[in-house]
Structures are given as structure tokens and as C-alpha cells.
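The values are calculated or read from the model by the stated rules, or taken from the named source; none is laboratory data. Every value quoted in this text rests on a predicted model; they were computed, and no experiment measured them. All Cβ positions, glycine included, derive from the backbone under ideal geometry; neighbour counts span all protein chains shown. Just so you know, the surface numbers come from the protein's heavy atoms only, side chains and all, with ligands and any DNA or RNA stripped out. Shrake-Rupley method; radii C 1.70, N 1.55, O 1.52, S 1.80 Å.
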Amino acid sequence: MRQFEADFRAFLGVPHAFAISSCTAALELSAVLCDLKPGDEVIVPAHTFAATAIPFARTGATLKWADIDPATRVVSPETIAPLINKKTKAIVVVHLYGLPCDMTRISALAKEHGIKLVEDAAQALGASADGELAGTFGDFSCFSFHGHKNISTLGEGGMLVVKSPQDAAKVPGLRHNGGRPYPDRGESYWIPAMSDVDFDIPGFWPYNFCIGEVQCALGSALLKRVAATSEKRKVRAQKFILALSEFKELTFQSTPKNCTHAWHLLPAQYDGSRFKKTRDDLIRTLAYEFGVQTVVQYYPLYRYPLFKKAGFGEASCPNTDRYFDNMLSFPFQEWMPEEEFELMIELTRKALTRLRS
Ligand SMILES: *Cc1c(COP(=O)(O)O)cnc(C)c1O
């Protein structure tokens, strides 16, 4: 575990990183360390995986849903700023699909208002904004090594990056049942017991969010492959996007010039209104006529029963609604053989052509 943490600190160029059981656990500790109370507000992306928001809801704070930018399809300073008020205590951003948000400006916004900033970088290992890696901007940044992500530590795993030394000092105890060494006890080293147990946050009971050593050993090895994996994903994504560029009805996430994309996923928006066709027509045609199974991802969180029942069913996120209702995500596993990938491009071209007639 220590080696994986040291390797990760070196990879990201940060002083404090903690290997942890999952990205959700990292988000959970981030939410706890943000010191949120009922009545406080947290700005959370509406278009993301539920784990981005759940730990913040659990604190009793009120979730305020931030819309996406229609071109990059991630939250932006423009969609976050109007939600900030005196009750706002934290901003959570997600570098969705692997594309970093505009972190230079979002960090400035958080600093200006004295608000904590949390990065959900589960999908963005190795991505960068303005030359800085995703996960180096926030007070807390959370990474996932779940089996679906760009690198995985045997199916589950995560990393929590913490900016302040004061917060970092609290993580080992919160992560492992409040355990900590006793100060030097001299000759009677066994008195009163092997290790001490205490609160790191007064009154807040600690967890066990530890990760196994085998997972960490694999994590260290896989970190060395991040650059190569990202390059392979980039080449494929660019090939796909270029091969479909004449079909203006299909648009991809636009990557700002100052950003590098980790290409975790390959989503697109379909606007077939000129041909009187919908996204569902495209998915149906791809699946049942051409055998390409695409999926629809990241249901706006305010539409889920979980958040509705908790009173977070209201949002003003027109870009999220429009994008989600017209999006589809293409199969993009790294292990997909090249021939299959090329076939998918060919069949997608055929499906789009079919829908134009
Ligand atoms: C996968 C994912 C998570 C959760 O990661 P786990 O390691 O499975 O807990 C959180 N946020 C986003 C955006 C994800 O894609």
C-alpha cells in the first residue's frame, strides 16, 4: 500500500495520496472532511454516476444540481457560478468520460468564495487541463480502479488525494477504525496496547475503507501503463470521430485545446430531426439491423427515485436534459480487437446512412 501511494504521488505530483477500497469511499471521506451540516449547500453535477453525489447527500447537506456545457458535456464555471450563495460549502466536479472540466477557472471560483473543491476523477486518470493533471486542483480528488475504468486493481480500488496537511493527517484513522500509533513509549513499549484508537474528527466514527496489498501491487504496475493506454484510446477515439465526421447529426464531446482527454468512454449526441429520426431510432437500427449494441449513460441524477425521494428531484439543467435525451455511448473497451472496432465504424456509418433516407 505504501509503495502504491508513493507511486501515485509521484505520478500526479502531489504530496498526499491514500489508497482506498473504492472511489466511492474516497468521495465519502471527502464529503466528511468538507465538514458539511444540514442547511449547507453542495453544488454537484447532474450528469454523472450516482456515486459522485450520494456521499454528499448523506451528510444532510442540500444538493444543488449543476448543468453541463453543451459542447464539452461536463460542468463549467458558467453553470456553477449562478448556484453559489452564502450557504454553498463545496463544489463537486466530475471529469466525465475522461474530459477534465475547466479547472483553472473553477478553482479560482472556489477560492474566491472560500468554498471546498472536490474532483471526481474516477474516469480521468492521466487527463490534464492547462498542463496540470486532473486531480491536482481540488482540496480532495478521487480516483477509481474499478473493473470498468482505464486501469483496474482486480475489479475494485481507489485513491484519495488530499491537498492540506491538516486534512491528510485525519485520513489514516478515518480509513482504518480510528487506529494510530502511540507516541514513543520508551522501554515499556507494549503499554497499554499495540496501537491507539481515537477520533480524527470529534464525534465522527471512523470506517474501514482499506485496500488489499495484492491490489496495490497491481496498481503500481498498471500506473506505468497509463500513458500507453491513454494513447491507444486516443488513437481509437480520433479514428472513430474522423470516420464519422461527415455525419453532422452525430456530435462528440469537444475537447478544449488546453485539455487532454483520458477517453474513458466514447459518447455522442444524435440530432436526426432533419431526417425525422430520433436517438432511439439510431440505437434500434444499430442494435437490431447491424448488431452494434450502444447504451445510454448517466441518467440525470434528479430523475432517479433515490434523489427524488430525498427532495432533490428539482433542477434547472436544460443542457443535461437535451444531451441525455439524445446521447448514446459506443462500445469502447480497450480489449476490443481492432477488426471489431473497424467493423463497428463501418456499421455505424451504414446505420447513419440508413437513417438519412
Ligand atoms: C466509477 C465511478 C465512481 C465510483 O467508483 P468506485 O471505485 O466504483 O466506487 C464514481 N464516479 C464516477 C464518475 C465513476 O465513473
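Numbers below:
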| read-out | value |
| --- | --- |
| Entirely in region 153-251, the helices (runs of 4 or more DSSP H) that have 3 or more residues that are away from the ligand (no atom under 16 Å from the Cβ), closer than 30 Å to D280 by Cβ and not aliphatic (A, V, I, L, M) | 226-243 |
| Members of region 64-95 that are open to solvent by 30 Å² or more (accessible area, probe 1.4 Å) and either under 17 Å from the mean Cα position of the chain (by Cα) or among the polar types (S, T, N, Q) (or both) | D69, N85 |
| Residues of region 33-48 that turn out to be within 16 Å of the ligand (Cβ to nearest atom) and surrounded by fewer than 21 Cβ atoms within 10 Å (Cβ to Cβ), as a count | 0 |
| Residue match in region 175-192 (condition: buried (at least 18 other Cβ atoms within 10 Å of the Cβ) and in contact (Cβ under 8 Å) with a residue 12 or more places away in the chain) | yes |
| Test: residue in region 137-150 that is outside any loop (DSSP other than H, G, I, E, B) and open to solvent by 30 Å² or more (accessible area, probe 1.4 Å) | no |
| Residue, nearest to A50 (Cα to Cα), within region 113-144, restricted to residues that are within 12 Å of the ligand (Cβ to nearest atom) and in contact with a Leu (Cβ under 8 Å, 6 or more places away or on another chain) | D120 |
| Close pairs (9 angstrom Cβ cut-off, 6 or more residues apart or separate chains): of a type in the set (S, T, N, Q) in region 144-160, part of a strand (DSSP E or B) and within 10 Å of the ligand (Cβ to nearest atom) anywhere | S144/D120; S144/G158; S144/M159; S152/S144 |
| Output for region 117-135, where each listed residue is surrounded by fewer than 24 Cβ atoms within 10 Å (Cβ to Cβ) and more than 14 Å from the chain's Cα centre (by Cα) | D130, G131, E132 |
| The listed residue being surrounded by fewer than 19 Cβ atoms within 10 Å (Cβ to Cβ) and without any contact (Cβ under 8 Å) to a residue 12 or more places away in the chain, out of S329, S273, S316 | S273 |
| Test: residue in region 104-113 that is under 29 Å from S329 (Cβ atoms), touching a residue at least 40 places away in the same chain (Cβ under 8 Å) and buried (at least 18 other Cβ atoms within 10 Å of the Cβ) | no |
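Listed here are the residues, each with its yes/no results for (1) hydrophobic (A, V, I, L, M, F, W, C); (2) open to solvent by 50 Å² or more (accessible area, probe 1.4 Å).
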residue: P206; (1), (2): no, no
residue: L218; (1), (2): yes, yes
residue: L222; (1), (2): yes, no
residue: Q238; (1), (2): no, yes
residue: S245; (1), (2): no, yes
residue: T251; (1), (2): no, yes
residue: T255; (1), (2): no, yes
